Structure formats: structure tokens, C-alpha cells
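What follows is a single structure, written as C-alpha cells, with notes after it.
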């Protein structure tokens, strides 16, 4: 990648870019909201399509000279349908996840209609009706929970749906490591006359590759961000399935109008081009191989962590993601210690969280970026060993209930890990491994 123009015009920002490249190349990224866009996708994002304004949709633009932009958008839509069989219509203009979710709910619901999804503390998302989200100002949110074994409680979902008659039922989990039960949710939605929205933002790459069940035969609307397992640019897709179009031929039009002019205006044409490029990559055999390996790596990492004595939600994984409890050892600061060791993941609530959302007792991780760099099972075994070594290094720091004491203890902890020889040693080992698997070694 060449940043010579930026180097000349703004050395400060150029140096920040170099810092971030260095960080990514020498660290292990395990945060389940990040991925690696190919060089081809990045080049598309740099293209002069960013200069063009193209309000409305292809062949219907309000502004002139959008013929080439129209070709890009229509190409992206065509490729979405190839990547997701069973999709009848696709909107590729949504800016990102939150506006896409809002657009779907705005299209399907009236003000104060009931929507139903997983409780935030169990792995839901703010944009599905949490009280701090704008969605809670417009819709009445009912929440279902996981059972004591941290699996989706289908019986509770069914009972709540019968009681509250939601307009939309959402299948979406941000920290669920098992197969998403689309068929069971479709049966419940059909029974109560609800739309079924499948938010597959975390698993969409696996769905495209055929290593996870597709929601297309079951859901009415599918929404996904494009920058997680899809390894595309940041953006979102809203897809209407053949299933519901047979019932409501206007559904696709409702969603398009909800995106524009309902919630946003001119689309980001460089983003649409990059999505079209990434879709072309997603239709290759190599892409399927990567996603198949992602799941293999996740299973290996899960197995090794369990062997080291860690507790995982549901006892393992079926997909790309793991949720690990640290409560058994009362470790509160795993994210900070692992970050310093060059292993980046995020703290996360676990079902029936014993601490609090701001100081949760779990950590969440996944394997896509490591896999896309070329790492396989042997490297997952090493990563699990590093996580155990970091945990052992900070064992003396237990969770503190009292808030004031916890603030003092956290300050002591940060000083401790900053000068810890074992964590520094692990950081050097992580860097050595990462340099063997450069991020942009694959062909873009």
C-alpha cells in the first residue's frame, strides 16, 4: 500500500496510518467486529466514485451523469443474489449496521409496534430496541433470554411471542457460539403472524460459504453488515427473501423507501463499488475454504481453552466465535492484559452476568482474521497457551465488589501489567508469529 500523497500533504496523519499498520501487522486481532478487507476492496474504496453524488436508486437518479454509478449498484445487487440464494431483492445503499436495522424496523412497523429479540445482557444489540437506542423511542421491545446452559430458550421465545404478538421477531446474537435456529424461529413467527428479521452480521461470511445454515428459506428480511466475516468494506445489506415477497409484493419497495428517503440521502458510491468487488471475491472457492477453516480454527481454540481450565458459554462453538467466562478465577482485567500482550479481544457480559455490563466477567473472541492471515490449528493451540499464560500472570488480581476500591485496584493492575516480564515476553512471541503471517500476503 502506497500513501505517498498523504505523506507529502499531511505527515501527521501519514504517521498515524503507519502506526495502525504496524499495530495490525504485529498483533493478533480476535475482536468479533473486525476483519481484513482485501487490497482490491481497499483500492475500490480509494476510487473517484467517492466524488459522485447519486441521490435515489439506479435508473431513477435525481442528479445527472449517474450512468456508471447505476452500473455499479446494479452489479452489486446482482452479486448479492448470487451470494445469497433465495434473496429476491437487495438494497446495497445502507450506510452501516445501525441505520440498516432502523430502516428495516421503520419499513415493517408503525410507532409503538412490538418487536422481540434477545436481551442485551444475553447477547442482543442496542439497535434492536434497547432503552438507550432510538429504536426504543419508537418501538416496544420484548426480550427473550438464554437458558441455564446458555442456549436459546425456544420454549420461552414461543411463549413470549404468543403473549405479546410482536410485529417483528429478530434472530440475532452478538456472542452466541452455536448454530442460529432459523427454522424454529420461522415456525414461531408464522404462528403469530410476525415478520422474521434475520440479522446475520456476524455469520454472513459463513452463510455465503455454506458452512452455516442460510436464513433465506426461513426469514422474511435478512440484514447484514459487510465488515465482519464477509471481509468487505464497512456497510450493510438489506435483503428481502422470496418467501415473503410471495405474501407481500410491496415489501421490497417499503424497505427501499425506508432507506431513502426515509432515513438517509445520497449513497456512498465508493462503498457500493467496494461491496461489488468483495462479492466477486466471496463467490470463489478460496473464500469457502477460508470460512471452512475459520470454523475449524474456532473449534480448536475452544477445545484448547477448555483443556486449560477455562469455561466457555455452551461448552464450545459451532461457528467462528467463542464467549469465555473468567468468573471462575475472578479475573476482571483480562482484556487489558491480553491487549498489552498483543492479543486483542473484548470484554463482554456472559449470560446471567454476576458483575455488571461495565465491568463484565467474560471475554469474547473469534478466529476469522487469524485464519485470513493463513493461520491454522497449530497456531490456535499456541494462542490458547498464550491466553493461559497471561491469565496466570495476573492471577493475584481478583474482582473487587466495592467501586472505589476497584478503581484503586485497577490503577495498580495497569502499573503491574506494564512492567510484567511474562506479558512482555508473550508480546515478543506474538509479534514473531504475526510477522510470519503478514496481513496482506494474499492476493487482493
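A few points about this structure:
- Restricting attention to the range 169-189 and to residues that are in contact with a strand residue (DSSP E or B) (Cβ under 8 Å, 6 or more places away or on another chain) and part of a helix (DSSP H, G or I), the residue that is farthest from residue 98 (Cα to Cα) turns out to be 188.
- Selection status of residue 40, more than 17 Å from residue 233 (Cβ to Cβ), within 23 Å of the chain's Cα centre (by Cα), touching a residue at least 40 places away in the same chain (Cβ under 8 Å) and surrounded by 12 or more Cβ atoms within 10 Å (Cβ to Cβ): no
- In the range 255-262 there is no residue that is more than 21 Å from residue 41 (Cα to Cα), without any contact (Cβ under 8 Å) to a residue 12 or more places away in the chain, in a helix (DSSP H, G or I) and not assigned by TED's automatic domain parsing to the domain that holds residue 168.
- Put simply, of 198, 216 the only residue that is at pLDDT 90 or above and buried (at least 24 other Cβ atoms within 10 Å of the Cβ) is 198.
- Counted residues, the range 5-37 - those being part of a helix (DSSP H, G or I) and without any contact (Cβ under 8 Å) to a residue 40 or more places away in the chain: 18
- The residue list 347, 299 contains one member that is out of contact with any strand residue (DSSP E or B) (no Cβ under 6 Å at 6 or more places or on another chain), surrounded by 16 or more Cβ atoms within 10 Å (Cβ to Cβ) and free of Cβ contacts under 8 Å to residues at least 40 places away in the same chain, which is 299.
- Where helices (runs of 4 or more DSSP H) fall entirely within the range 362-418, those with at least 3 residues that are more than 23 Å from the chain's Cα centre (by Cα) and in contact (Cβ under 8 Å) with a residue 12 or more places away in the chain are at 377-393, 403-418.
- Put simply, of 51, 15, 2 the only residue that is more than 16 Å from residue 342 (Cα to Cα), modelled with pLDDT under 90 and exposed (fewer than 15 other Cβ atoms within 10 Å of the Cβ) is 2.
- Note on the range 132-149: among residues that are out of contact with any strand residue (DSSP E or B) (no Cβ under 8 Å at 6 or more places or on another chain) and outside any helix (DSSP H, G or I), the one that is surrounded by the most Cβ atoms within 10 Å (Cβ to Cβ) is 133.
- Meets criteria (under 30 Å from residue 193 (Cβ atoms) and surrounded by 17 or more Cβ atoms within 10 Å (Cβ to Cβ)) for residue 76: no
- Residue 256 vs. criteria crowded, with 19+ Cβ neighbours inside 10 Å and under 14 Å from residue 89 (Cα atoms): yes
- Total residues in the range 150-166 satisfying the condition of being surrounded by fewer than 20 Cβ atoms within 10 Å (Cβ to Cβ) and in a loop (DSSP other than H, G, I, E, B): the figure is 3.
- Residue among 230, 197 that alone is closer than 25 Å to residue 317 by Cα, in contact with a helix residue (DSSP H, G or I) (Cβ under 8 Å, 6 or more places away or on another chain) and part of a strand (DSSP E or B): 197
- Residue check: residue 60 meets all listed conditions (1) surrounded by 13 or more Cβ atoms within 10 Å (Cβ to Cβ); (2) out of contact with any helix residue (DSSP H, G or I) (no Cβ under 6 Å at 6 or more places or on another chain); (3) closer than 27 Å to residue 242 by Cα but one, namely (1).
- Residue check for residue 177: more than 28 Å from residue 210 (Cβ to Cβ) and either in the same structural domain as residue 299 (by TED's automatic domain parsing) or at pLDDT below 90 (or both): no
- Look at (1) surrounded by fewer than 23 Cβ atoms within 10 Å (Cβ to Cβ); (2) closer than 23 Å to residue 173 by Cβ and you find that residue 307 fails only one, number (2).
The values are calculated or read from the model by the stated rules, or taken from the named source; none is laboratory data. No experiment lies behind these values; they were computed from the predicted model shown. Don't worry about glycine lacking a Cβ; one is built from the backbone with ideal geometry, like all the others, and counts go over all protein chains shown.
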